[in-house]
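Undergrad: The structure follows.
The values are calculated or read from the model by the stated rules, or taken from the named source; none is laboratory data. Everything numeric here is computed off the predicted structure, so don't read it as measured data. Cβ sites come from the backbone with ideal geometry, for glycine too, and all protein chains shown count toward neighbours. Ligands, DNA and RNA are excluded from the accessible area calculation, which covers all protein heavy atoms including side chains. Shrake-Rupley method; radii C 1.70, N 1.55, O 1.52, S 1.80 Å.
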Amino acid sequence: MRNTKRYRVEKANSLWQIYQTVSFWKVMKNFIVIQLARYSPFLSMKNWLYRTFLKMKVGNKTAFALMVMPDVMFPEKISIGTNSIIGYNTTILAHEYLIKEYRIGEVTIGDNVMIGANSTILPGITIGEHAIVSAGTLVHKDVPAGCFVGGNPMKIIYSREEMERRSLDDTF
């Protein structure tokens, strides 16, 4: 199970109770900041916007590609290490609203991580250092450091040891 905190709700589904969970004004501010960053071609400006207005932890030289969508309600629960790449149109969620409950969880992405385009990272996930997430992957469980993962459902394609062996074979 992912590392999320669960909150039960009564009556209508949890999304109908959204503004009892998080302030409308916080969501509006976050939405505006995220939209500015999604379309900005300036990597350093994106990082500054995320750190300053969303309280995300973003390491030096981390690059967010065009159209990345961090969590609009709880972006402060997202932490990304240094020198990582978050690919085009990737979604990073720190919440999920279900019928009878909602869940909130920290998302931790290590240093030197590569996340391919159109991936979705669910709440409560940790992606270890030097991991690679293939394009289009649904990250629904933790990714061990140094592994190459992909697919839906996500599977380990190469372990850390296999990746180290493969890197020895690489010639430029």
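Undergrad: Taking the stretch 127-169 as the search range and keeping residues that are among the acidic types (Asp, Glu) and farther than 20 Å from ASP111 by Cβ, which one is modelled with the lowest pLDDT?
TA: ASP169
Undergrad: Further, regarding this structure: Report yes if GLY146 is small (Gly, Ala, Ser), farther than 30 Å from THR21 by Cβ and outside any strand (DSSP E or B), otherwise no.
TA: yes
Undergrad: Of everything in the stretch 146-172, what is out of contact with any Asp or Glu (no Cβ under 8 Å at 6 or more places or on another chain), small (Gly, Ala, Ser) and under 18 Å from ILE127 (Cβ atoms)? Give them in sequence order.
TA: If the condition is that a residue be out of contact with any Asp or Glu (no Cβ under 8 Å at 6 or more places or on another chain), small (Gly, Ala, Ser) and under 18 Å from ILE127 (Cβ atoms), then GLY150, GLY151, SER159 are the ones that fit.
Undergrad: Oh, and also: Considering (1) open to solvent by 100 Å² or more (accessible area, probe 1.4 Å); (2) modelled with pLDDT under 95; (3) within 22 Å of MET56 (Cβ to Cβ), say which one ASN3 fails and leave the rest.
TA: (2)
Undergrad: Let me ask something else about it. Which members of the stretch 109-131 meet the condition of being within 11 Å of the chain's Cα centre (by Cα) and farther than 13 Å from GLY146 by Cα?
TA: Residues satisfying the conditions are SER119, THR120, ILE121, LEU122, PRO123, GLY124, ILE125.
Undergrad: Something else: Can you name every residue in the stretch 127-138 that is open to solvent by less than 30 Å² (accessible area, probe 1.4 Å) and either part of a loop (DSSP other than H, G, I, E, B) or in contact with a Phe, Trp or Tyr (Cβ under 9 Å, 6 or more places away or on another chain) (or both)?
TA: GLY128, ALA131, VAL133, THR137
Undergrad: Could you grab the pairs with beta carbons closer than 6 Å, sequence gap of 6+ or different chains, first residue in the stretch 1-24 and of a type in the set (A, V, I, L, M, F, W, C), second one part of a loop (DSSP other than H, G, I, E, B)?
TA: VAL22/MET73
Undergrad: Just wondering, is there one or more residues in the stretch 53-76 that are in contact with an Asp or Glu (Cβ under 7 Å, 6 or more places away or on another chain), within 18 Å of THR120 (Cα to Cα) and not hydrophobic (A, V, I, L, M, F, W, C)?
TA: No, because not a single residue in the stretch 53-76 is in contact with an Asp or Glu (Cβ under 7 Å, 6 or more places away or on another chain), within 18 Å of THR120 (Cα to Cα) and not hydrophobic (A, V, I, L, M, F, W, C).
Undergrad: Just to be sure I understand the filter: pairs with C-beta atoms under 8 Å, separated by 6 or more residues or on different chains, first member in the stretch 138-151 and within 15 Å of VAL113 (Cβ to Cβ), second member among the aromatic types (Phe, Trp, Tyr). Which pairs pass?
TA: These pairs meet every condition: CYS147/TYR158; PHE148/TYR158.
Undergrad: While we're here: Just to be sure, is GLU96 in a helix (DSSP H, G or I) and acidic (Asp, Glu)?
TA: no
Undergrad: OK, next. Which condition number in (1) assigned to a loop (DSSP other than H, G, I, E, B); (2) open to solvent by 50 Å² or more (accessible area, probe 1.4 Å); (3) farther than 18 Å from SER159 by Cα is the one that GLY124 fails?
TA: (2)
Undergrad: Let me ask you something else. Find the residue count for the stretch 14-47, including only residues that are in a loop (DSSP other than H, G, I, E, B) and surrounded by fewer than 14 Cβ atoms within 10 Å (Cβ to Cβ).
TA: 3
Condition check ((1) more than 21 Å from SER44 (Cα to Cα); (2) modelled with pLDDT under 95; (3) of a type outside the set (Lys, Arg); (4) crowded, with 21+ Cβ neighbours inside 10 Å) across all residues:
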site: VAL68; (1), (2), (3), (4): no, no, yes, yes
site: GLU76; (1), (2), (3), (4): no, no, yes, no
site: ASN83; (1), (2), (3), (4): no, no, yes, no
site: THR90; (1), (2), (3), (4): no, no, yes, yes
site: ALA94; (1), (2), (3), (4): yes, no, yes, yes
site: TYR102; (1), (2), (3), (4): yes, no, yes, yes
site: MET114; (1), (2), (3), (4): no, no, yes, no
site: ALA117; (1), (2), (3), (4): no, no, yes, no
